[in-house]
Amino acid sequence: MSLPSSPLAAPAFLRRPAVVMACGALILTLAMGVRHTGGLFLQPMTLDHGWSRELFSFSIALQNLLWGVFQPFAGAFADRHGAGRTLAGGAVLYVLGLVVMAHADSALGLNLGAGLLIGMGLSGTTFSVVLGVIGRMAAPEKRSLALGIASAGGSFGQFAVLPVGQGLITAVGWQDALLWMALGIAFIIPLAAAVTGTSARGGGVEQSLRQALAEAMRTPSFHFLFWSFFVCGFQTAFVMLHLPAYVVDMGLSANIGMSAVAMIGLFNIFGSFLSGWLGGLYSKKWLLAWIYALRIVAILALMLFPLSPLTLYVFAAVMGLLWLGTVPLTSGLVGCIFGMRYVGMLYGIVFLGHQIGGFLGAWLGGRIFDLSGSYEMAWWLSIALSVMAAALSLPVREAPLARLAAR
């Protein structure tokens, strides 16, 4: 007897593609929106507890790393047992993590809540699980656009939830703000009823999970995608966590910093959609290379021009257009090259590269600041890594493997 793919009984209308996509986008809105508020808590929590920025940064870095470590397992579980159950379980862990973080009074408690539990929760509530369902649901010619629309949900969360988070911190304090956000994450559980299903078996020669993993490991393009996504993780985690503090250090207000991060989310709503749409028309690997190249221009402009609200908002707008545009392109390439049977697991492994980069971006940002009193070295490191990512994107072989092409 097969197990239901969701712990919730769902009526038939929840299986409609438009409803699945809408619920998937809303889940990403909640999960990614709350995740992007981490930088808002850096200053109030470190000041209240007397912690260093490195200590707080390490917990968020650990979150990024564990999110990546558990992502392949969450993707494989969703491929085999259903996305709905994975999403609901991830939401429970996410809620617990926010509650533990709110009551943490030591590095151990902070690492347990913000690091381990939220990291595990994110692995079950974000891209690998949601995009796996949407990618299998969409027709191949519309897949890239569908992935872009769903990815835009994560961007909308960054735009919509950040002002709510800042408002809650101002109104009720950082501790109660975390508890209110835990309540918001709990809404993922009923939404999971729509985003269900396992990976369907197709015609032709079937693979085991072990065979699919071995095939990916001996395919150079898989490694190119892994390490280029590593750079994306480094840059987005560093900017998300440290930009609000960087802005305050440079003499601007905390609200301006929050608004800049929210603006990144606003513009990436359009960036994710545009990336998905263009990915259906043009070479995905070349689009990835252009994204990483344009990030170099944006960071250089931020560093070379005097920092003002206008400079900051222009930087945020440009970075927003480029922010999560890598997600539909990278996940689309994984599906194109290896097929959709184990896309949740394989994209989860590539996403691990993203999160290893995220770990280093979040932690090294705090470490570099504590050692030098400035974020300048971290910005230059981001530029150098972007050059590497653009170069790694170009040799990706953008075509199905012979096993799939022969079908």
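The values are calculated or read from the model by the stated rules, or taken from the named source; none is laboratory data. In this text, all values refer to a predicted model and were calculated from it rather than measured experimentally. Quick reminder, even Gly has a Cβ in these numbers, built from the backbone with ideal geometry, and neighbours come from all protein chains shown. Protein only, heavy atoms only, side chains kept; ligands, DNA and RNA dropped before computing areas. Shrake-Rupley method; radii C 1.70, N 1.55, O 1.52, S 1.80 Å.
A compact table of results
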quantity: Restricting the stretch 187-219 to residues that are of a type in the set (A, V, I, L, M) and more than 29 Å from Arg16 (Cα to Cα), the residue that is modelled with the highest pLDDT; calculated: Met217
quantity: Matching option when the condition is surrounded by fewer than 21 Cβ atoms within 10 Å (Cβ to Cβ) and not acidic (Asp, Glu), among Leu131, Leu178, Leu168; calculated: Leu168
quantity: Inter-residue pairs, beta-carbon under 9 Å, first over 13 Å from Ile60 (Cα atoms) and in the stretch 357-377, second at pLDDT 90 or above and in a loop (DSSP other than H, G, I, E, B), 6+ apart; calculated: Ile368/Tyr375; Phe369/Tyr375
quantity: Single residue of the stretch 108-128 satisfying the filter (over 22 Å from Phe229 (Cα atoms) and small (Gly, Ala, Ser)) that is most open to solvent (accessible area, probe 1.4 Å); calculated: Gly109
quantity: Helices (runs of 4 or more DSSP H) contained in the stretch 304-407 and holding at least 1 residues more than 30 Å from Ala254 (Cβ to Cβ) and touching a Leu at 6+ places or on another chain (Cβ under 9 Å); calculated: 326-338, 343-372, 376-393
quantity: Of the criteria (1) open to solvent by 50 Å² or more (accessible area, probe 1.4 Å); (2) touching a residue at least 12 places away in the same chain (Cβ under 8 Å); (3) more than 16 Å from Ser155 (Cβ to Cβ); (4) in contact with a helix residue (DSSP H, G or I) (Cβ under 6 Å, 6 or more places away or on another chain), which one Ile296 fails; calculated: (1)
quantity: Leu346 vs. criteria of a type outside the set (Asp, Glu) and either under 23 Å from Val261 (Cβ atoms) or surrounded by fewer than 24 Cβ atoms within 10 Å (Cβ to Cβ) (or both); calculated: no
quantity: Count of residues meeting criterion [open to solvent by less than 40 Å² (accessible area, probe 1.4 Å) and of a type in the set (Asp, Glu)] in the stretch 83-107; calculated: 0
quantity: Criterion violated by Leu266 - all others in (1) outside any helix (DSSP H, G or I); (2) under 30 Å from Ala139 (Cα atoms) satisfied; calculated: (1)
quantity: Selection count where residues are at pLDDT 65 or above and outside any helix (DSSP H, G or I), scope the stretch 1-35; calculated: 1
quantity: Boolean, Gly50 is on the phi > 0 side of the Ramachandran plot, more than 18 Å from the chain's Cα centre (by Cα) and surrounded by fewer than 23 Cβ atoms within 10 Å (Cβ to Cβ); calculated: yes
quantity: Options Phe351, Phe315: the member that is surrounded by fewer than 24 Cβ atoms within 10 Å (Cβ to Cβ), in contact (Cβ under 8 Å) with a residue 12 or more places away in the chain and out of contact with any Asp or Glu (no Cβ under 8 Å at 6 or more places or on another chain); calculated: Phe315
quantity: Residue within the stretch 231-248 that is touching a helix residue (DSSP H, G or I) at 6+ places or on another chain (Cβ under 7 Å), at pLDDT 85 or above and surrounded by fewer than 20 Cβ atoms within 10 Å (Cβ to Cβ) present; calculated: yes
quantity: Residue among Gly84, Gly75, Gly132, Gly167 that is closer than 24 Å to Ile269 by Cβ and either touching a residue at least 60 places away in the same chain (Cβ under 8 Å) or not in a helix (DSSP H, G or I) (or both); calculated: Gly132
